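The values are calculated or read from the model by the stated rules, or taken from the named source; none is laboratory data. All figures in this text were calculated on a predicted structure; none of them were measured in a lab. For neighbour counting, all protein chains shown are included, and Cβ atoms are generated from backbone atoms with ideal geometry for every residue, glycine included.
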Amino acid sequence: MLRVALTGGIATGKSYCLRQFERLGAAVIDADVLAREAVAKDTPGLRAIVTRFGPAIVSPDGTLDRAALGRVVFADNRARGDLEAIVHPEVYQRIREWLANLGAGIPIAIADIPLLFESGHHHDYDRVVVAACAPQEQIRRMADRNALSEAEALARLAAQWPIAEKISRAHYVIRTDSGFAETDRQVKDVYDRLRADDR
């Protein structure tokens, strides 16, 4: 089984690419989903976050107020590091368990991991695929998707490695600037090449 990490920057189209890889037949898992599960209501992860950041980051219903937490961690590198130290070990443990439990005959397993390079886990995978688009397009997508100001979007970009650096370390790159049809074509091409790598 070829172990593949899909990464990129915020709003570069990773989730869309992951869905297309799944449609083509890859087994897939999304680290963002795992991260949300790790800090769900009444979990040890959420309790650890409250201990570190205080009760103001909890919504009235007892769930994590992600917007409030985001305002803290994207303005403070140390705070962001503390959050990652709580969440990342749980996420990577869940990915390892998922990979270990995949049935025989799965040729390609793809984990979507936004902070793959930043967390130093790229060496755990046989191939790395980067979803990329222009930084201006990332900012536009973040503004459309999350109602973020340009300053907030720039802070989130600054918290990750530059996309050019990720591209330079990738085995394969999928550019998502040119619409869904072109992205789909590139995903299919990369999937075919990954299948060839697996043989």
### Summary
Apart from one, (1) in a loop (DSSP other than H, G, I, E, B); (2) under 19 Å from the mean Cα position of the chain (by Cα) all hold for LEU99; the odd one out is (1)
## Note on the structure
Of the residues in segment 33-44, those that are part of a helix (DSSP H, G or I), surrounded by 14 or more Cβ atoms within 10 Å (Cβ to Cβ) and not aliphatic (A, V, I, L, M) come to ARG36
### Members of segment 165-195 that are modelled with pLDDT of 95 or more, small (Gly, Ala, Ser) and either loosely packed, with under 12 Cβ neighbours inside 10 Å or over 28 Å from GLY81 (Cα atoms) (or both)
SER168, ALA181
## Note on the structure
Selection from segment 166-199 of residues among the hydroxyl-bearing types (Ser, Thr, Tyr) and either touching a residue at least 12 places away in the same chain (Cβ under 8 Å) or in contact with a helix residue (DSSP H, G or I) (Cβ under 7 Å, 6 or more places away or on another chain) (or both) yields TYR172, THR176, THR183, TYR191
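Here's the yes/no breakdown for (1) assigned to a loop (DSSP other than H, G, I, E, B); (2) among the aliphatic types (A, V, I, L, M):
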site	(1), (2)
THR7	no, no
GLN20	no, no
ARG47	no, no
GLY70	no, no
ALA75	yes, yes
ASP82	no, no
ALA85	no, yes
### Message
Scan segment 102-122 and tell me whether some residue there is assigned to a helix (DSSP H, G or I), without any contact (Cβ under 8 Å) to a residue 24 or more places away in the chain and surrounded by fewer than 19 Cβ atoms within 10 Å (Cβ to Cβ).
### Response
no
